[in-house]
Amino acid sequence: MKRKLKFKSAFCVILAIVTAMLFCSCNFNFDSLYEGTQSLESKESTLTVHYLDVGQGDSIFIELPTNETMLIDASVNAYGNGIVQYIEEQGYNRIDYLVATHPHADHIGGMRKVIKSLEIGKIYMPKATSNTNTYKKLLTEIKNEGLKINTAKAGETIYEDEDLGIYLLAPNSEKYDDLNNYSAVIRIVYGSRAFLFMGDAEKLSEKEITADIKADVLKLGHHGSSTSTSKEFLERVQPIAAVASCGENNDYGHPHKETVELLEKEGIEFYRTDTMGTIIATSDGNFLNITKDNPSVEKED
Ligand SMILES: [Zn+2]
């Protein structure tokens, strides 16, 4: 009897050890699954901004700390499906806040495919029209999907809670000669960090902005053209880093020498998608990290 008990307790000890080993190995597997990436827990409180490498155009995909998503512009038509694929690869099938900064083809060309393929929450566009087919087709797609357009203008709030705010700082006027100046300008504030997205807004629009424009990372207006980013504006923004979204050997010479030299003079870190690929900035509201040479977006012929 005693022997049997001893045997039983020995068996229990072995069972406990085996169970513990199994549990440990499970834990190990779980950890290694996320090795080198963020744990799900930290991803929830991180703001991740992808300045996509989409040739001569703009497209910025944003993972908000609320687990929602935002897309500012969708480059030209040839990148539409690639942008959708990139977003899906990040694990999303929905854009909660979609912004078309202004109706130029290098910003809205791929947007029809985005609306067709992904679930869309709210759409923001400035009150600016264009006679191009690209623009007309986009409006038709928005209508077909039963979506409504919210007017993008200075003073509007897209989202706000105690940690995160998404604000529209421009356009400030109702009429402009240049379509670029209708650009929706967006400032995202998360904890002690801020990001500014200029669309193609030029110096005239920069001057009109009276709201707080301080930001750690500035998406340069108009692909780094010298028609945007005045010295006065840059001194108000006080960025640590600036990003130009532009295509390799583009016809416009973007980013312009004047802008690049100004950034250098002001000691601002400069990132550009044409030579550095997709740029990704992440922040937990305090810490800020920027990486280059991330995957490009596929282009169709
Ligand atoms: Zn543009």
The extension gain from D284 to Q85, computed as 0.36 nm times the residue separation minus the Cα-Cα distance, is 69.1 nm
Checked the stretch 119-226 against the a/c 1.5 cut and the a/b vs b/c comparison, axes a ≥ b ≥ c from its Cα gyration tensor; verdict oblate
One finds the C-alpha centres of the stretch 78-101 and the stretch 158-196 to be spaced, in Å, by 20
Of all DSSP beta bridges having both residues in the chain, the percent classed as antiparallel (nearest 5) is 60
Computed from the beta carbon distance with a Förster radius of 51 Å, FRET efficiency for R94 and E235 to the nearest 0.05 stands at 0.85
For the stretch 143-301, shape from the Cα gyration tensor axes a ≥ b ≥ c, cut at a/c of 1.5 then a/b versus b/c, turns out rounded
Connecting every pair of Cα atoms under 10 Å apart in the chain and solving the GNM, the largest mean-square fluctuation among F270, F195, F61 falls on F270
Across G224, G146, G199, the residue with the highest GNM fluctuation in the chain (Cα network, 10 Å cutoff) is G146
Two pseudo-spin positions, 7 Å from Cα along C-beta at A211 and at S45, lie apart in nanometres by 2.7
Mean shadow area (nm²) of the C-alpha convex hull around the chain is 20.9
With only helices counted (DSSP H, runs n ≥ 4, each -39500 (n - 2.57)), the per-residue ellipticity at 222 nm for the chain, to the nearest 500, works out to -9000 deg cm²/dmol
By Cβ neighbour count within 10 Å, fewest first, Y182, Y159 rank Y159, Y182
Ranked by GNM mean-square fluctuation in the chain (Cα springs under 10 Å), the top entry among K113, K175, K153 is K175
Contact order relative to length for the chain, counting C-alpha pairs under 8 Å separated by 6 or more residues, stands in percent at 17
In nm, the gap between the two label points placed 7 Å beyond Cα toward Cβ at T275 and E162 is 4.5
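Every read-out reported here was derived from the displayed coordinates using simple, explicitly stated rules and does not represent laboratory data. It should be emphasised that the depicted structure is a prediction, and the values quoted were computed from it without experimental measurement. FYI the Cβ positions are ideal-geometry reconstructions off the backbone, even for glycines, and counts take in every protein chain you see.
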